[in-house]
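The values are calculated or read from the model by the stated rules, or taken from the named source; none is laboratory data. A quick note: this is a predicted structure, and the numbers were derived from the prediction, not measured. Every residue, glycine among them, receives a Cβ derived from its backbone with ideal geometry; neighbour counts consider all protein chains shown. Ligands, DNA and RNA are stripped out before the accessible areas are found, and what is left, the full protein with its side chains, is counted by its heavy atoms. Shrake-Rupley method; radii C 1.70, N 1.55, O 1.52, S 1.80 Å.
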Amino acid sequence: MASNVSKELLNVLACPKCKSGLKHDSAKKRLLCKKCSVFYEIKHGIPLALEDKAKKIP
């Protein structure tokens with residue numbers, strides 16, 4: 001994976017806002033929550049999946 005996040009970690013991560021599953025966007029190094037219309041950046045292989053780090057999907 002381009003973002004160096006393990007597949008096992010991606011399988012258990014959930015959106016901190018709504019608890020739904022997140023979709024991995026490896027090209028942009030982020031995790032998407034379509035239900036909340038937000039994304040969480042992945043920096044240095046670490047997902048920043050904290051509610052206050054959510055950014056609106058443009």
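Of the residues in segment 1-17, how many are at pLDDT 95 or above and not hydrophobic (A, V, I, L, M, F, W, C)?
Qualifying residue count for the region: 2.
Is there a residue in segment 2-25 that is aliphatic (A, V, I, L, M), in contact (Cβ under 8 Å) with a residue 40 or more places away in the chain and on the phi < 0 side of the Ramachandran plot?
Among the residues of segment 2-25, at least one is aliphatic (A, V, I, L, M), in contact (Cβ under 8 Å) with a residue 40 or more places away in the chain and on the phi < 0 side of the Ramachandran plot, which makes the answer yes.
Output the residue which, of all residues in segment 15-46 that are assigned to a strand (DSSP E or B), hydrophobic (A, V, I, L, M, F, W, C) and more than 8 Å from the chain's Cα centre (by Cα), is nearest to Pro58 (Cα to Cα).
So the residue we want is Val38.
Return a yes/no flag: does segment 2-13 have any residue that is among the charged types (D, E, K, R) and touching a Ser or Thr at 6+ places or on another chain (Cβ under 6 Å).
No - not one qualifying residue is present in segment 2-13.
Given (1) touching an Asp or Glu at 6+ places or on another chain (Cβ under 6 Å); (2) open to solvent by 90 Å² or more (accessible area, probe 1.4 Å), where does Leu32 come up short, assuming only one miss?
(2)
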